[in-house]
Each structure stands twice: as structure tokens, then as C-alpha cells.
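Before anything else, here's the structure in question.
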Amino acid sequence: MLLTLDLNDPRPLHEQVAAAIRRAIGAGDIAPGDRLPPARDLAHALGVNANTVLRSLRDLRDEGLLEFRRGRGVSVLRRPDGRAALRTRARDLLEEAARYGLTADDVVALIKDLSEEMA
Amino acid sequence: MTDPQDTSVTGFRIRFLLAAAAWAVLVAAVLVAVPLAFAGRLPDPLATHWGPSGRPDGSMAFAAFVLFTVALWAVVAGIGAGVAARGRTPVRRASRAWFCAGLAWAGAFTVVTQAFTIAANLDRGHWTRAAGLSWQVAVVVAAPIALGALGWLAGRRGPDVPSGPPQRGPLIDLDPGKRPVWVSTATAPWATRLALVALATAVALAGAALSGLFGGGWGAVVPLALVGVVGLAVSSVSVRVVPEALTVSVGPLRWPSRRVRLDHVEQAWVEERYPAQVGGWGYRGLPGRATIMIRGGECLVVRYTSGGRLAITVDDAETGAALLNALIARQQPSVER
């Protein structure tokens, strides 16, 4: 499973990890029914504590994206719905905008312009 | 392939397969003809197993004995045919040499074992009076190895088609502000179960032997424990790629583990490999050309800058190879950017 962590993300680590996993599920890198690598392997690769990864996995389970099964590990239950997936991407977009000095209002205006162009 | 050598290589492949088949048939013929020739002078059942003291301690009906040896050889030859018919074994010198060595060794071992079994039973009347074995054991070990060596030499003759250059697969777009990591595993649930059963049996036998219940169990404890430990080690593998390094770990404890700095990795690609091609499960082959075989199928292969290669059977190897190649390309901006 390919995960990307944002190096400038100010959010707590467990939220970043959850966002990375949510993004991977949303992008279809890992499909419903697939098993996630063990939390310990994820933690080692991401350079974070295993408990941090476990906390993100629990959050994602509470969101209904993951399923924990005894002896079978953690597997993907369903893909995030469109709104949740877009929320993650909008967040990324806002962060990128901030790097260029654009505010949320600028981005909203940009999206309105675009949708008018496309209409 | 539009190689000009192609037709000669195909011809060689056919000749090689015919030679291997001829050896298989010859061994099978000996395995049937020798017992039948001496059938009148053998007891039925005949001794087929000798204890550590060199005295016979197990027997088998004559027909079962012949069928068993022939069936054993048929299985070996069948696996050999499967390996030789598909894949590149016949046209790659190193793999062909080891294939011939294995086939020669297995044939010699079956024939020599059968011959000594028959010789020990000859004119004995009853299997319990079969001759003991002593120096014959050394021959059973040595003769097949000698023939295997001959097979290895014979297998080295002929063409050597190098494996085609691996194609550079797609790369993954790298965002400079992001840290990409790839984590994947492969597991063999049957190996875990087998290992746990072996370990549990070893512990139970050790317990029984310690309590004096069944003193004869000690001999089995060490091999069973070994099977358990090795089985656990080959039950799973975990591969992690981060921008600095590639880490490969095996077993439930993720130990032993090997970390390779990414500037020592030259290229990565995906291959299909099966246990029959690499000689079974676990760490197969010599360092530099090794495969970590957990389950048949797709495999991540990395080539080091030193020229060595390591293949690991792991799920989603394509993504891993793409990330590795992208990270390597980013490290060397002067090359292909």
C-alpha cells in the first residue's frame, strides 16, 4: 500500500496517518476486502509509534471505512463516500493554496469562476 | 523474440527435454526391472526400513514397494518436467546445470536405495532376517552426489541465453513536499499452521520426555522445533520502501530483517516466480541471486549497484517497483530527467 505523508501538515500525527490511509482507499490503491499491512509495519515505514497508527486505524474503523477482525487483521470495508473523499482533497487544496499565499476565500472564488466557465 | 539464435535455441530446448525424458524413462525402467528380475528370491513382505542400529525395523509388501519407488520417481520426474517445459530453465546455463544435478541426484538416489534394499533382502526368507546396513549408507549418500555432480557438468554444456533486460516500468509522481512510503506483505497461512503444529508437538514431546512418560520422544524434539522455527520464518514477509531505504523482514517477529540504503539500489521490477522454479520455499539461492519465496506469484526484484539481485514474493509489487524507481530517478537528477 502506497501512503503519502505531507511534510508540512500541522495536524496531529494520527490524523495525518488516517488522512493518508483514507486517501489511499479513496484513490483505489487498496480496495474493499483487501487487508491492510500490519500496523507495526505501517508504523515502521512512516516513522511513527505503532500506537499512533492503531489510533488512526480505530478512527477509520469508527468512520466505517475499516473492519477489524480477530485473526484476520484489518481490512477495508468500503471506500469513503464522495463527500468525505472530497473533503480530504479540499483540505489538501487549501494547504497548497496557503503555500502560494492564497486564502480559503480566494480558492472559493477560483472554484466559482471555474464552475461558471465549465457550465 | 526475434533473435537470430531463436531456432537453434528452440532446437536445443527440444533436445534437452528429450534427454531429460530419456533419463526419467531409464530410471523408471530400472526401478521396475530390477525388483521383477529378483522377485523369486525376495521375501514378501520385504524389509524396507533399517533402524539406527543397522537392523531392519520396517517392512512393505513387494508390490507396494515397487509401486512406491516408481510413484516417488514419477512425482520427481513430473515436477522436473513441469519446471523444464515452461520457463527458461532449459536455456539458462546456471539453472539448467542445477536442474540436471537435481534430476541426476534424485534418479541415482532412488535406484541405489532400491538396489541396496533388494540386496539386503536377497535369499533371506523373511524380512526380519534381512542383512544389516552399514557401509551401504555411505554409498547411498555419496553415489547420488557424484552422479549429481556429473549431471551438473552435463547441464553446463549448451547455450546460455541471458534473461532479458527488465523493462523500466511506470514511475510514481513524487511531490517534493510529501513523503511517500510503500508497505506490503505476503503471507502463507499454511506455513504458520504447520509451524505452530510442529512447535506444539515439540513442546508436548519435550514435556512428556521430561516427565518420564515417553522417554523416546527426545529424538523428534529438535527436528520438530527446527521445522517450527523455520516454518514461522517463511510464513510471512514484509517489505517497506521509504525515501531513504528498502527494508525486508521475515517472520512474525519481523526478524531477521535487512535494510538496504536506496543509493545502493539500481533498479526494481516485477517478475513471476514459483517455488518449483527457485527450489522451494524460504530463502532460496545464493546471496546475490536469492529469492525470498513465501508464495508463488508476483515478486519484487531489486538489483543493487553492486550487481547482486534480490527477489521477494510480495503483494502489490508493481507499486513498490514504481516507487523505488521513482525515488532512484529523483536521487540521480542528472540521469534521465
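Before anything else, pin down the relative contact order of the stretch B:107-216: Cα pairs under 8 Å, at least 6 apart, normalised by residue count, whole percent.
Values: 29 pairs, mean separation 19.0, N = 110.
Result for the stretch B:107-216 is 17 percent.
With a bin width of 10 angstrom, please list the P(r) values of the protein assembly as shown as percents of all Cα-Cα pairs, from the 0 bin to the one holding the largest distance.
4, 15, 20, 21, 16, 12, 7, 3, 2, 1, 0
Follow-up question, since we're still on this one. Using only the alpha carbons of the stretch B:172-267, what is the convex hull's orientation-averaged projected area in square nanometres?
Over all viewing directions, the stretch B:172-267 projects a mean Cα-hull area of 8.4 nm².
Taking 60 Å as R0, compute the FRET efficiency from the Cβ-Cβ separation of B:SER53 and A:ARG69 and round it to 0.05.
The formula returns an efficiency of 0.70 here.
What are the extents of the Cα atoms of the stretch B:241-337 along their three principal axes, in Å, largest first?
Taking max minus min along each principal axis of the Cα atoms, the stretch B:241-337 gives 42, 26, 24 Å.
Counting partner chain Cβ atoms within 10 Å of every residue's Cβ in B:173-183, what's the average?
6
Also, I was wondering about something else. What relative contact order, as a whole-number percentage, does chain A give when Cα pairs under 8 Å and 6 or more residues apart are counted?
23
Give the residue from B:VAL250, B:VAL265, B:VAL221 lying farthest towards the positive end of the charge dipole for the stretch B:170-291; charges sit on Cβ (+1 for Lys and Arg, -1 for Asp and Glu) and the dipole is referred to the Cα centre.
So the residue furthest toward the plus end is B:VAL221.
Here is a further query. Using alpha carbons only, what's the Rg to Rh ratio of the stretch A:1-80 with Rh from Kirkwood?
Value, to two decimals: 0.93.
Semi-axes of the equivalent ellipsoid of the stretch B:6-156: what are they in whole Å, largest first, if each equals the square root of 5 times a C-alpha gyration tensor eigenvalue?
With the √(5λ) rule applied to the stretch B:6-156, the semi-axes are 35, 16, 11 Å.
Quickly work out the A:ARG40-to-B:PHE214 label distance, labels modelled 7 Å from Cα along the C-beta direction, and quote it in nm with one decimal.
The answer from the label model is 3.2 nm.
Note down the magnitude of the dipole of chain B about its Cα centre, charges +1 on Lys and Arg C-beta and -1 on Asp and Glu C-beta and zero elsewhere, to the nearest 20 debye.
Working: 30 positive and 18 negative charges, 91 e Å.
Charge dipole of chain B: 440 debye, to the nearest 20.
For the stretch B:104-110, what does the Karplus curve 6.51 cos²θ - 1.76 cosθ + 1.60, with θ = phi - 60°, yield as ³J(HN,Hα) per residue in whole Hz, taken in order and with x for Gly and Pro?
3J(HN,Hα) across the stretch B:104-110, in whole Hz: 5, 4, 5, x, 4, 4, 5.
Now for a different question. Can you pull the mean other chain C-beta count within 10 Å for peptide B:313-320?
2
Along the positive direction of the dipole of the stretch A:1-80 (beta-carbon charges: Lys, Arg +1; Asp, Glu -1; about the Cα centre), which of A:LEU3, A:ASN51, A:ALA19 reaches farthest?
A:ASN51
Here's something else I'd like to know. Of B:ALA22, B:THR313, B:VAL183, whose Cα points farthest to the positive end of the dipole of chain B (charges on the beta-carbon: +1 Lys, Arg; -1 Asp, Glu; origin at the Cα centre)?
Towards the positive end, the residue furthest out is B:ALA22.
Taking the radius of gyration and the Kirkwood hydrodynamic radius from Cα positions alone, what is the Rg/Rh ratio for chain B, to two decimal places? Don't skip to the answer; put the middle values down first.
On the way: Rg = 25.3 Å, Rh = 23.7 Å.
Across chain B, the Cα-based Rg/Rh ratio is 1.07.
Would you mind calculating the relative contact order of the stretch B:232-337 from Cα pairs under 8 angstrom and at least 6 residues apart, reporting the percent as a whole number?
Worked out over the stretch B:232-337, it gives 23 percent.
FYI, it's all coordinate maths here, none of it is from the lab. This is a predicted model, so every value here is computed, not measured. Backbone-built Cβ (ideal geometry, glycine too); neighbour counts: all protein chains shown.
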